[in-house]
Amino acid sequence: MWQRSDALTAVVAGSTLLVLACSHAVQAPSPIATPWVTSDSSQYSPVARFRALTTVVSDGVEIAIDSGSLTVPGTPAPDVPPVMSNLYITAILAVGDTSSFVVVRPGDSRNAAERRGWRPVAMSDSVRIVDALRYGEQATFPPLRLFVPTTAALPTAPAWIVYRIVGTGVELVAPLTAGDPIRRIEHRGAVRVYACGDNDVRGNLDPARRVGLRRAYGIAC
């Protein structure tokens, strides 16, 4: 009788430990705030990656950027002319707005209007970070500081910094006659990419934004 009771107790205790062990095993660590900012991968735009630390001050937002790089997808080839040049970065203070998707770039003869799920509130000056890039090339850029001035208090709604990188796209046209050089046609503003991180403007992790960037990067950023 006592042996059967002890056996049942052991089974119950073992089951409890098994449940606790399984429960502990499926728990994922909570995400933490990191300063890393990246852009979406694209065949036609450089991929940006850098660290950005933001500090909110009385008249705006100070931003310190380091460990920055731009990479053009593709296979490197010797003696190939640059495919983009004069790349500039701008920091934009933005708030979410998915009601009608705000036009952040008007359309022109070559491109349709560009819409995003955020609305710009203020922006920094543009700073040149890379002179030129070729296919498959990665270029680093030095640490820099940006400042986004604000004329009023920060928005009460969640706000973030969106980084816009623009440059000149170079179209390489094959010569009509053998032996002639390749023609280069430059299109100012043809290169445009946005880079974002998971943190809000104060540097705190924004879980909703983190999910939004992973579900639909092209809208959230």
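The values are calculated or read from the model by the stated rules, or taken from the named source; none is laboratory data. Computed from a predicted model, the values in this text were never measured in an experiment. As a convention, Cβ positions derive from the backbone with ideal geometry for all residues, glycine included, and neighbour counts pool all protein chains shown.
Condition check: surrounded by 13 or more Cβ atoms within 10 Å (Cβ to Cβ) and in a loop (DSSP other than H, G, I, E, B). Does L154 satisfy that?
Here the answer is yes, as L154 does meet what is asked.
Sort out which residues of the stretch 176-201 are hydrophobic (A, V, I, L, M, F, W, C), assigned to a strand (DSSP E or B), touching a residue at least 60 places away in the same chain (Cβ under 8 Å) and surrounded by fewer than 19 Cβ atoms within 10 Å (Cβ to Cβ), and write them in order of number.
A190 - this is the single residue of the stretch 176-201 that is hydrophobic (A, V, I, L, M, F, W, C), assigned to a strand (DSSP E or B), touching a residue at least 60 places away in the same chain (Cβ under 8 Å) and surrounded by fewer than 19 Cβ atoms within 10 Å (Cβ to Cβ).
What pairs come up if the first residue lies in the stretch 39-60 and is closer than 26 Å to P155 by Cα and surrounded by 13 or more Cβ atoms within 10 Å (Cβ to Cβ), the second is charged (D, E, K, R) and at pLDDT below 85, and their beta carbons are under 9 Å apart, counting only those six or more places apart or on different chains?
none
If only one of G96, G136 is on the phi > 0 side of the Ramachandran plot, at pLDDT 85 or above and surrounded by 13 or more Cβ atoms within 10 Å (Cβ to Cβ), which one is it?
Result of the check over G96, G136: G136.
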